[in-house]
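First comes the structure, then the notes that go with it.
The values are calculated or read from the model by the stated rules, or taken from the named source; none is laboratory data. Owing to the predicted nature of the structure, the values given are computational and were not obtained by experimental measurement. Neighbour counts run over all protein chains shown; Cβ positions are idealised from the backbone, glycine included.
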Amino acid sequence: MNCCCQYKSREEIFSQDNIDLGLIKAVLEKYRGDKGNLITVLQEAQEVYGYLPLSVLKHIADVFELKPAQVYGVATFYTQFRLTPVGKYLILLCQGTACHVNGSERIETVLLEELKIKPGETTADGLFTLSNVACLGCCSLAPVMMINGQAYGPLTTDRAVKIIKDLKAREISEGGEPA
C-alpha cells in the first residue's frame, strides 16, 4: 500500500530554518551544565531572535544534553514563548475581566478587521501581530492594549483603529511602503 503522507525526520523538522546559532553562544556558555535554567535560556534566546526557531530549540537541547522534545515541550507549554516570528509591532490585547466587561471583544473585532488577520497572526506586510492575553495589569485603563511595551487605554473602537492607522502612516513616512 502506498502512503500519500510525507513524513519528515526529527532532524529535518528541527533544522529547516537558516539561523545563526552563534548569536546565542554567550547565553549557552553562561548557563551550560545547569538544566534548571532552561526557561531563562529560552527567554534570552527569544530576546535575541524575536522568537524561538526550531533549530535554536534543537541546539539548546544538544548543548544541555536534553531531548529536543523536552525543550520543545517547555517552549510550547509557556505562553511567553513564540515559535514563529512576530510583526514589528506586537499588539497584546487584554482580555481580562475588567477589559472584557468594558468592551475588549469589540476592540478585538475592529482590530482584526483593520489588520485583516486572525488572533495570533501577523499581517502580510510583517508589521503587526495581534495576541490576546489574560491580563496586562492595567485594569484602570480598561479596555487596554499594549504595543511593544507601550500601554494604550482606555480604548474605544475608533481610538484602537486610529492607533493602528497612525503606526502604519509612520512606517510609510519613515521608509516608504511597508514590506
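For the residues Gly22, Gly33, the requirement of being over 23 Å from Gly87 (Cα atoms) and in a loop (DSSP other than H, G, I, E, B) singles out Gly33. Taken over the stretch 36-52, residues that are assigned to a loop (DSSP other than H, G, I, E, B) and at pLDDT 90 or above amount to 2.
Taking the criterion of being in contact with a Lys or Arg (Cβ under 9 Å, 6 or more places away or on another chain) and not in a helix (DSSP H, G or I), would at least one residue in the stretch 99-118 satisfy it? No, that holds for no residue. Among the conditions (1) closer than 30 Å to Ile172 by Cβ; (2) in a helix (DSSP H, G or I); (3) at pLDDT below 95, Thr76 misses just one, which is (1). Look at the stretch 152-179: where a residue is surrounded by fewer than 11 Cβ atoms within 10 Å (Cβ to Cβ), no partner that is modelled with pLDDT of 95 or more and not acidic (Asp, Glu) sits 6+ places away or on another chain with Cβ atoms under 7 Å. Of the set (1) surrounded by 13 or more Cβ atoms within 10 Å (Cβ to Cβ); (2) at pLDDT 95 or above, all apply to Glu113 but (1). For the stretch 120-179, the candidate set comprises residues that are part of a loop (DSSP other than H, G, I, E, B) and among the charged types (D, E, K, R); within that set, the residue that is farthest from the chain's Cα centre (by Cα) is Glu177. Scanning the stretch 53-98 for residues that are touching a Phe, Trp or Tyr at 6+ places or on another chain (Cβ under 7 Å) and more than 30 Å from Leu111 (Cα to Cα) yields Ser55, Val56, Leu57, Lys58, Pro68. In the stretch 53-73, the residues that are under 13 Å from Leu83 (Cβ atoms) and assigned to a loop (DSSP other than H, G, I, E, B) form Cβ pairs under 8 Å with partners that are of a type outside the set (A, V, I, L, M) and at pLDDT below 95, at six or more places apart or across chains, as follows: Pro53/Asp17.
If you go through the stretch 134-151 and pick out every residue that is modelled with pLDDT under 95, buried (at least 17 other Cβ atoms within 10 Å of the Cβ) and under 25 Å from Thr84 (Cα atoms), you end up with 1.
When residues in the stretch 36-54 are screened for being over 17 Å from the mean Cα position of the chain (by Cα) and surrounded by 12 or more Cβ atoms within 10 Å (Cβ to Cβ), 2 of them pass.
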